[in-house]
Amino acid sequence: MKYNPHALEDKWQKFWEQNHSFQCREESSRPKYYCLEMFPYPSGKIHMGHVRNYAIADVVAHFKRMQGFNVLHPIGWDAFGLPAENAAIQHGTHPAKWTYDNIDHMRSQLKRLGFSYDWSREIATCDPEYYRWEQLFFLKFHERGLLFRKQAPQNWCPRCNTVLANEQVVEGLCWRCDAVVEQKELTQWFLRITDYAQELLDDLEKLEGGWPERVIAMQRNWMGKSVGAEIRFGIERSDKFLPVFTTRQDTVFGATFMSIAPAHPLLDEITAGTGREAEVAEFAARIRKSDPKEPDGEAQEKEGVFTGRHCINPFSGERMPIWVANFVLSGYGTGAVMGVPAHDQRDFEFAKKYSLPIRVVVQPAHLAPLDPVLMTQAETEAGLMVNSGEFSGLHSEEGKVRIADFLEAEGLGKRSVNWRLRDWNVSRQRYWGTPIPMVYCEKCGVVPEKEENLPIRLPRDLAVHPDGRSPLPESPAFYECPCPKCGGKARRETDTFDTFVESSWYFARYTDPVNAEAPFDKEKIAYWMPVDQYIGGVEHAILHLLYARFFIKALRDSGFIPKLSGMDEPFANLLTQGMVLKSGSKMSKSKGNTVDPSEMIDKYGADTVRLFCLFAAPPERDFDWADSGIEGAYRFINRIWRLALELAGKVPAIDACAASPADAASPKARALRQKEHATVKKAGEDISGRFQFNTAIASVMELVNLMYLVKDELLADEGGKRVLGSSLFTAITLLFPFTPHICEELRELLGSPLPLTERVWPVYSEKALGAEKITIVLQVNGKLRGKIEMPADEDEEIVKRAALDDPHVQKHIQGLDVRKVVYVRDKLINVVAG
RNA sequence: GCGAGAGUGGCGGAACUGGUAGACGCACCGGACUUAGAAUCCGGCGGCUUGUCCGUGGGGGUUCAACUCCCCCCUCUCGCACCA
């Protein structure tokens, strides 16, 4: 009988569906395990990256089930978003139709791959039954001041016709379409993620060990905490102050000029009456418009103009000219920087260019006395404070503390912490998203929608403008509404939420996906959360993972999620899988180097596609798709198929690891039994400990290879048949998480009634692992000189004697004194001679 | 510049807390079967000067023993970056 993957895969997929094999609910008798992959965006069809991601997760889910865990393994759709709109415009259809059609198609693709999802928990974020809870969260967030409106310059993508969060601007370009992002003054809704900055930073420690080091580093980096001080500089002929943020308050005596951002709010006031208004305004306007980055990502040359006014250094009493400079960011710190050329490289370059004074105030102990005239770059190291009045002589680290004390005592400033992290702009001027449940009333102002009016449904009968503009602001049927407070005529918010909002809590909804009374039951969420293993691409290292971490904390503090230990972080363990490449570069439609999973399934079947994705490389690493590689996986599947067919009926249908030592009478039977148990050990360790699926599969291949070599001899007697039957069953059981369909088919074919979905992971016996004969490696002075066979666990003296008598060893120690003999039990002898 | 990671056969990759470098697979070569091929089964497959010699990016070091630990350097990938 030839291996026909399609018929048998179809058969077992139906079987699992009819038997609800992967549905789960809360149980107290077994430990829970929540295995989750990042849910897909319904873009059209599944690509190889999805297959790899979900194949990895499916191994984990199956393995944990076999280990006795109550496993939650759900799937759903990240269904709102801009690409659906763009595609719908292109195809002359509606985003909703486009999205739901894609979901139908992709669902059928996932089902063909036979993943062990609990399909009864499937969700789509564009479903009002999903996003209504999100609207409820935001009412609560608004009540608590976590959601607020702010007018500020925003990142604006002219091509997508919408604002972007800071996280969505990559090197000045839109993360989606690569258009140059502009700054536009807008009033938008924000989530106060900065309120959680410290907790988000601190809790990264809880994730150490469970998350990849580099993802933790990226988040830490992104949040960018800086500890320093704010210092107020008085402006000459004015009662105003210029506050600056610095991490180097110890260098304040070296501040010889002041630089402010072109967009600084006090710029006009500072320049007024100096006669330099025109020049400064022109410069500021030019810089504000330009992209801060050169096309190659390099920083632009430092540039600035003098405003004509001075401020006073409160420490040195010196007059400091105030400059507008292109390198000062308006959005970080106070938008003003004290210029300390001797100890800051940017200030140094600026001072050199415009001949501003350079004063050394910190002298590192190991360097020759610094001379401003001779310096070619700033000296940023710590050292002894000099030219710093009463602070001279202190170490600069202590100086930081003393200066900060002084600032606070004299009212000149205060200790201060700055974050790179900005509040999260969640407003999007697009149609295909969750309506923001807010209303504008002429009398009452901004009024949150009433809870009982939720969900605010996104109308499905509107068409998106060809340029991507939202139809909502032109749809009275949507925006006209009574004021929730006074009942008068009011206008509904027509912006929608950033789609990252939906993906920030979907994993919580999976715990109770059809609840119509609440976003989720508190007991259910307490049972299932946190996600034990989260699996997805590293491209979400900052955006999604940071937002989701924030969201779960915000939900906790808003009373939606119980305050329990273990509920502060959504994802206890994170695996970032590598990309699937083709000919060395990322598969993409534009490059024309894609491999369609459906075509591969048509050709080889789902088991082969899954097996190859798992065998080609360890999960975290990128791998290059090779057509010859998948042929190899197919060959192996056929190999075990033929072996099982040959042995079916000839060997007993006994369980994995069921053959006894008595069955293994012959040396080959003993060798096979030992290999069988060793494979159980190796595969289990590789899967559970390190997600080394490639080596787990390799070990089963070795077992199968050995069975081929010994089967004819073992079929000669009953004991040998039992060892063969047991080993075959072990191979099938161990492969089940990787290639479930063929394994169930073979299990049935061998006459074993209990489905593999209900079986446990085999247990090996320590005793069975030991080989009788051991190869001892013989070394002389660390070099391999020979090998001898010895019974396992032989007496040390006997092994040493045998080693020294070995002719190869003899040859190499001739005429030398044997100084030492190192013995590693059952492994090697190293004779040290000289 | 800061942070993270990686350099091992023709290729993907093994080698767990230092102990036979190259498991397993791909490609290639040979044998068996076959009229022939495909498929399958069995075997070979780092290099050369064929020595139990040399080999894990390069150079030092620790050790009886180093892909593995320490120091220095080189190359590559990814993330962040005028953040005061």
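The values are calculated or read from the model by the stated rules, or taken from the named source; none is laboratory data. All values derive from a computational prediction rather than experimental measurement. Ideal geometry is used to build each Cβ from the backbone, glycine not excepted, and the neighbour counts take in all protein chains shown.
The single residue among A:Ala669, A:Ala683 that is under 42 Å from the mean Cα position of the chain (by Cα) and hydrophobic (A, V, I, L, M, F, W, C) turns out to be A:Ala683. Could you please find all residues in segment A:466-501 being of a type in the set (Gly, Ala, Ser) and assigned to a loop (DSSP other than H, G, I, E, B)? Result: A:Gly468, A:Ser470, A:Ser475, A:Gly487, A:Gly488. Within segment A:441-451, one or more residues are more than 16 Å from RNA strand B (Cβ to nearest atom), free of Cβ contacts under 8 Å to residues at least 40 places away in the same chain and not small (Gly, Ala, Ser). Regarding segment A:609-628, can at least one residue be identified that is within 9 Å of RNA strand B (Cβ to nearest atom), surrounded by fewer than 21 Cβ atoms within 10 Å (Cβ to Cβ) and either assigned to a helix (DSSP H, G or I) or modelled with pLDDT of 95 or more (or both)? Yes; the residues of segment A:609-628 include at least one that is within 9 Å of RNA strand B (Cβ to nearest atom), surrounded by fewer than 21 Cβ atoms within 10 Å (Cβ to Cβ) and either assigned to a helix (DSSP H, G or I) or modelled with pLDDT of 95 or more (or both). Only residues that are within 9 Å of RNA strand B (Cβ to nearest atom), under 22 Å from A:Gly751 (Cα atoms) and β-branched (Val, Ile, Thr) were counted in segment A:675-732, giving 2. Restricting A:Lys582, A:Lys586 to residues that are over 30 Å from A:Leu714 (Cβ atoms) and near RNA strand B (Cβ under 10 Å from one of its atoms) narrows the list to A:Lys586. Within segment A:308-360, the residues that satisfy the criterion of being touching a Lys or Arg at 6+ places or on another chain (Cβ under 9 Å), in a strand (DSSP E or B) and away from RNA strand B (no atom under 11 Å from the Cβ) are A:Gly308, A:Arg309, A:His310, A:Cys311, A:Ile312, A:Pro321, A:Ile322.
Candidates A:Pro476, A:Pro459, A:Pro466: the one that is at pLDDT below 95, more than 16 Å from RNA strand B (Cβ to nearest atom) and either acidic (Asp, Glu) or over 18 Å from the mean Cα position of the chain (by Cα) (or both) is A:Pro466. Would it be correct to say that A:Ala771 is at pLDDT below 85, under 25 Å from A:Gln692 (Cβ atoms) and within 15 Å of RNA strand B (Cβ to nearest atom)? Taking the combined requirement at face value, the residue satisfies it. Every condition in (1) buried (at least 17 other Cβ atoms within 10 Å of the Cβ); (2) at pLDDT below 95; (3) more than 29 Å from A:Lys140 (Cα to Cα); (4) within 11 Å of RNA strand B (Cβ to nearest atom) is met by A:Ser226 except one, and the failing one is (1).
Here A:Pro437 clears all of (1) in contact with a helix residue (DSSP H, G or I) (Cβ under 6 Å, 6 or more places away or on another chain); (2) surrounded by fewer than 16 Cβ atoms within 10 Å (Cβ to Cβ); (3) not β-branched (Val, Ile, Thr) except the condition numbered (2).
Of the residues making up segment A:461-491, just one is touching a Ser or Thr at 6+ places or on another chain (Cβ under 7 Å) and of a type in the set (Gly, Ala, Ser), namely A:Ser470. Restricting attention to segment A:301-317 and to residues that are touching a residue at least 40 places away in the same chain (Cβ under 8 Å) and out of contact with any helix residue (DSSP H, G or I) (no Cβ under 9 Å at 6 or more places or on another chain), the residue that is surrounded by the fewest Cβ atoms within 10 Å (Cβ to Cβ) turns out to be A:Ile312.
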